[in-house]
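Nothing in this text is a laboratory measurement; each read-out follows from the coordinates by a stated rule. Since the model is a prediction, treat every value here as computed from it, not as a measurement. No Cβ is skipped: glycine too gets one built from the backbone with ideal geometry, and neighbour counts run over all protein chains shown.
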Amino acid sequence: MPLYEMTPDSFRPINQASFADLKVRERDDLQRLLRTQIDVLGDDLYLLTEEFGDWDDSRRRIDLLAIDPQANLVVIELKRTNDGGHMELQAIRYASMVSAMTFERAEQIHGEFLARLGEPADEARSRMLTYLGWEEPDEEAFAPAVRIVLVSEDFGKELTTAVLWLRERDIDIRCVRLRPYQDGVKRLIDVQQIIPLPEANEYQVQLREKEQVGRKKRAERYDVRLKFWEGLVAISRNKHTRHANIKPGAYHWLGASSGIRGLGLNYVIVQEYGIAELYIDRGEAMENKRIFDQLHARKDEIERAFGGTLSWERLDTKRACRIKHVIERGGYRSPESQWPEIQAEMVETMTKLEAALKPALESLGLLR
């Protein structure tokens, strides 16, 4: 959008320029000015040093290195181009290089930086502690993460696409656009954070936090189910059942073949109950329904042999079918002390289900 001066009579357009046209240099102008006015970038940052490159086998240097109020390191990469070039790749490399920096090392490089500016190097520690609000250095709390700020005249689509992708993966990287304007002898700079939009940043943070909580809960659920299946397989191994050699997983089901392709004898576990089932899916809906109907025709005989009622689910809107029995004793959210009883009942139920179905399955003529 154009920039205007509002006069009593009109909006007067101010011509957009470029750093190249204005002969603004990257290091001698942009970096020099931001070094003393880092707040222009919109964050409450404290500058540690500039042109930092103290690592082996590389001559690359971080334009500006700062910390934020949470003691995160902030890598600031500058370009005066209108597309940003490949600055996101450089910044990621720099972020990885400084990620293990200690407070002691940060204090050292900040003291060297102050000395170059003609300021007291021995004030580095006190200045950093004052900024962070700490009484003394805390190595464990220092640099828990590394943030990245990209600063350029503008950003190309390839770069912004990469930045958005990185942000979706919880990398704190942002783009700040410095757009120059020429108004006679005056040089004006429009500073805008374009990724993430300031108005959307809090919402995006909330979404990321929600997703992190969700991932943690899923991981916990997977761990619990894996442990539950390990106990059930152990019982199956002792009883030499069909599931004795199945490797336990973290999914909500554990299956073994019935001996007929596409007909699985599955255990299912949810929070409140368990299931033993025959799951029918040979890849083609009509064949699945035909097999189900043949078995259903012998429903009374199968349930008598099983010793109870089964749930017959033809699932007409889906490809597969199932025949199951629900174990109401409990699920994986039951107290762990109750698991052995639940697991034993599930194994016993599966054994009875397999035996009850065996004559009907043999009559299908599909046994391998």
Taking only DSSP H segments of four or more residues, each worth -39500 (n - 2.57), what value at 222 nm results for the chain once the sum is divided by all its residues, to the nearest 500 deg cm²/dmol?
-> -12500 deg cm²/dmol
Taking R0 as 35 Å and r as the Cβ-Cβ distance between Q271 and E362, the FRET efficiency 1/(1 + (r/R0)^6), rounded to the nearest 0.05, comes to 0.45
Residues W165 and R237, FRET efficiency given R0 of 56 Å [Cβ-Cβ distance, rounded to 0.05] | 0.75
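Longer than 21 Å from Cα to Cα, which of K239/K299; K239/K352; K227/K358 are they? Say none if no pair is.
Values: K239/K299 27 Å; K239/K352 13 Å; K227/K358 30 Å.
Going by Cα-Cα distance, K239/K299; K227/K358 fall outside the 21 Å limit.
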Within the chain, what percent of beta bridges assigned by DSSP are antiparallel, to the nearest 5?
-> 80
A correct fewest-to-most ranking of H252, H325 by other Cβ atoms within 10 Å would be H252, H325
Relative exposure of M6, M128, M350, judged by other C-beta atoms within 10 Å (fewest first) = M6, M128, M350
Among R12, R322, R179, R242, rank each residue by its count of other Cβ atoms within 10 Å, from fewest to most, as a rough exposure measure.
-> R12, R242, R179, R322
Whole Å is fine, so just give me how far the alpha carbon centre of region 21-78 lies from that of region 269-296.
-> 63
Tell me, in nm to one decimal, what length is gained between H296 and R221 on full extension, where the rule is 0.36 nm per residue of separation less the Cα-Cα distance?
-> 23.5 nm
So how far apart, in nm, are the two label points at R314 and D190 if each is 7 Å from Cα heading toward Cβ?
-> 6.6
Quick one: angle between helix 103-116 and the longest Cα principal axis of the chain, in degrees between 0 and 90, rounded to 10, please.
-> 20
So who's got an amide H within less than 5 Å of the one on L3, skipping anything under 5 residues away but keeping other chains? H placed 1.01 Å off N, in plane.
-> I14
For the pair R105 and A145, how long in nm is the line joining their label points, each one 7 Å along Cα→Cβ?
-> 2.1
Using semi-axes √(5λ) of the Cα gyration tensor in Å as the read-out, say which of (1) 67, 27, 17; (2) 31, 27, 19; (3) 34, 21, 19 was calculated from these coordinates.
-> (1)
In degrees, nearest ten, helix 198-239 long axis to first principal axis of the chain (Cα) | 30
For the pair L117 and Q16, what calculated FRET efficiency results from E = 1/(1 + (r/R0)^6), where r is the Cβ-Cβ distance and R0 = 41 Å, to the nearest 0.05?
-> 0.75
